[in-house]
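Remarks on the structure that follows.
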Amino acid sequence: MRFVKGHGTGNDFVIVADVDNDRPLSVAAIARLCDRRRGVGGDGLLRVVRAAKHPDGVGQAAAAEWFMDYYNADGSIAEMCGNGVRVFVRYLVAEGLVETNRVPVATRAGVRDVLVENDQFSVDMGAARTFGTSTVAIGGEILSGRHISMGNPHLVCRVTDPTEYDLTVQPEFDTELFPTGVNVELTSPTDTGVRMRVHERGVGETQSCGTGACAVAVDALGGPGTCTVDVPGGRLTVTITEETVILTGPAVLVAEGHTLV
Ligand SMILES: N[C@@H](CCC[C@H](N)C(=O)O)C(=O)O
């Protein structure tokens, strides 16, 4: 099977095309491909499928030709991936599968428009939904955070110094509030915005998370505006308007190959 490897600010993905959706991958196969020692390695896997050919995409096929069939590294499904959808469009452009620089992509969270300009990929993520607060325990410390949905669930915790926490272990969260898990962001202010570290549901600590960057910006700005979000893998920019949230950053393809197992 041919694969391409790409990343957005260090959030890396294995990309496989199955345009007619006739070679679905099992959870075990996805986890194996994303394994960094026994597989290709990635925080997630993006299957490139024609929207009309996927049960979760067919309802959006009139608005978007391509469906991003996204999986976390453990093989679990997530509704949305902000870096993934930008890398997905980078792939569509490289493969000649799209002709314009504004590309609608069908996702489990709905159609997302990606604009390609000067090697920057901006995705219109739709409006954030903000809820109440919850807590997580990290290394015995209880942190309070804000529940924000960007299509997928986030708990944004303001801390003094995000580097002080051990994110190699799964933060303990409220499983009644988040029955399918939650992405946990630790964030603090910078001169031009915020910095963050993230523990992603279904993955572990990653170098970046696009939906997480949007969630921390929504929390920090509290209304329309623009800010930078510094992640361990680089810098993203988030613009919030009355209607929507726009995420901008690089998206890069680094390798291609064939799997042998
Ligand atoms: N890295 C992603 C988020 C991927 C999904 C997440 N782990 C979840 O399960 O919700 C991003 O860039 O948004």
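What the table shows:
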quantity: Rotationally averaged projected area of the stretch 194-235 (alpha carbon convex hull; nm²); calculated: 2.7
quantity: Among 78-88, 123-133, the order from most to least packed when residues are scored by Cβ within 10 Å on average; calculated: 78-88, 123-133
quantity: Mean separation of Cα contacts under 8 Å (6+ apart) over length of the stretch 123-261, as relative contact order %; calculated: 21
quantity: Rounded tilt (10° steps) of 82-94 against the dominant C-alpha axis of the chain; calculated: 30
quantity: Ascending count of other beta-carbon atoms within 10 Å, so fewest first, for ARG158, ARG37; calculated: ARG37, ARG158
quantity: Neighbour net charge for ARG108 - beta-carbon separation under 10 angstrom, K R +1, D E -1; calculated: -3
quantity: Vicinal HN-Hα couplings computed from phi for the stretch 161-171 (Karplus, 6.51 cos²θ - 1.76 cosθ + 1.60; Hz; Gly/Pro x); calculated: 9, x, 6, 7, 9, 8, 9, 6, 10, 5, x
quantity: Estimated 222 nm signal from helices in the chain, with DSSP H stretches of n ≥ 4 weighted -39500 (n - 2.57), rounded to 500; calculated: -4000 deg cm²/dmol
quantity: Placed amide H near HIS54: partners under 5 Å, 5+ positions off or other chain; calculated: none
quantity: Percent RCO, i.e. relative contact order, over the chain, from Cα pairs under 8 Å lying at least 6 residues apart; calculated: 20
quantity: Phi to ³J(HN,Hα) by Karplus 6.51 cos²θ - 1.76 cosθ + 1.60 over the stretch 198-215, Hz, x for Gly, Pro; calculated: 9, 10, 8, 3, x, 9, x, 5, 10, 6, 5, 8, x, 5, x, 4, 5, 5
quantity: ³J(HN,Hα), Karplus 6.51/-1.76/1.60, whole Hz, each residue of the stretch 243-260, x for Gly, Pro; calculated: 9, 8, 10, 10, 10, 10, x, x, 9, 10, 9, 10, 6, 9, x, 10, 7, 10
quantity: Equivalent ellipsoid semi-axes - Cα gyration tensor, the chain, angstrom; calculated: 28, 21, 17
quantity: Relative packing of peptides 111-121, 206-216, 65-75 - highest average C-beta neighbours within 10 Å first; calculated: 206-216, 65-75, 111-121
quantity: GNM result for the chain, Cα springs below 10 Å: residue of LEU92, LEU236, LEU186 fluctuating most strongly; calculated: LEU92
quantity: Separation in nanometres of the label points that stand 7 Å from Cα toward Cβ, at THR168 and ARG38; calculated: 2.1
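The numbers here are math on the coordinates, done by the rules we state, and not lab data. Computed from a predicted structure; not experimentally measured. So basically every Cβ, Gly included, is an ideal-geometry build from the backbone, and we count neighbours across all protein chains shown.
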